1. About its Cα centre, what dipole magnitude does region 70-199 give when the only charges are +1 on Lys and Arg Cβ and -1 on Asp and Glu Cβ, stated in debye to the nearest 20?
2. List the aspartates and glutamates whose Cα lies under 17 Å from the Cα of K76, skipping any in the same chain that are fewer than 8 positions away.
3. Grab the other residues whose beta carbon is less than 10 angstrom from that of L69, score K and R as +1, D and E as -1, and report the net.
4. Please name whichever of T176, N119, S96 sits farthest to the positive end of the charge dipole of region 78-193, dipole taken about the Cα centre and charges placed at Cβ: Lys and Arg +1, Asp and Glu -1.
5. Considering amide H positions built from the backbone, and no H for Pro or chain starts, which residues 5 or more places from D131, or on another chain, come under 5 Å of its amide H?
6. Around A59, with a cut-off of 12 angstrom between Cβ atoms, what is the net charge of the other residues, counting Lys and Arg +1 and Asp and Glu -1?
7. Fewest Cβ neighbours within 10 Å first, please rank K142, K66, K38, K74 accordingly.
Amino acid sequence: MKFFRNDVVISRIACPLCLAFLFTAIPVLSDPGGTGEKLLTNYEVIEVISGEAIDDLMANMPDIEKNTLLLLVKGKGIGNIDDVFRKTLITKLAGSDMRVSEMVPDETSTGEQPAYEFNYQLVRLNLRYADINRSYGIGSKKVDRTAGIGVFAQLIDRSNGDIVWVGETRRDYEDTISYSMLGRVEDPEHDFTRPERKELRWSKLVEPVIVTGIVTGLIYLFFSNQSSND
């Protein structure tokens, strides 16, 4: 017991452990929720890079008369995530005063035939959590978010089958968000907005340090009080 009544010994033990507690516990408990800027959801990130890729393609397409009917055909895709690109493409084409059809017309149909076929292939379209980490190993948890798209497209004259234009583009996106915001950016209805989380579970390492710091602090206060009473 005399060992614990020695103020120098107690201080040497308590100070490092209390500092460890402060540097470890406080950042974990005060994880920031954001910087005030609008945080894009994972679905919106995919929309953004899809829109940028489509803008690149359309900027290099030959001029097409307004109100022209296009037949939209997907030659190759990735999966459910393709639907985001498709919807964005239809919106962009309609915004450029073009009409879009996704139904291949029957050769015997007497209705209006599409003048061109816009055939596209999604070579790459994904969203990932590239890394989940803490600043200097003890800060609040952050997520490095990345997304990418690669598109190959052709414009085909349906009157003769000639390929009148070929285009290709790639776009990438990356940012860093707070781990605590993942619940806001993910959509439970779309699996592609919930990529795999590869992370080290810090709770198993942090909790013993927090408990040790609290216990050591209480011991220090108790024996300091005993020493002063003597």
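Read the figures in this text as sums done on the coordinates, not as results from a lab. Quick caveat, the model's predicted, so the values are computed rather than measured. A quick note on method: Cβ atoms are made from the backbone with ideal geometry, for glycine too, and the neighbour counts reach across all protein chains shown.
1. 720
2. Candidates past the 8-residue exclusion: E102, E117, E168.
3. Result for the neighbourhood of L69: +1.
4. Positive-most Cα among the choices belongs to T176.
5. Hits under the 5 Å cutoff: D144.
6. Values: positive: K92; negative: E52, D55, D56, D63.
Summing Lys/Arg as +1 and Asp/Glu as -1 gives -3.
7. K38, K66, K74, K142
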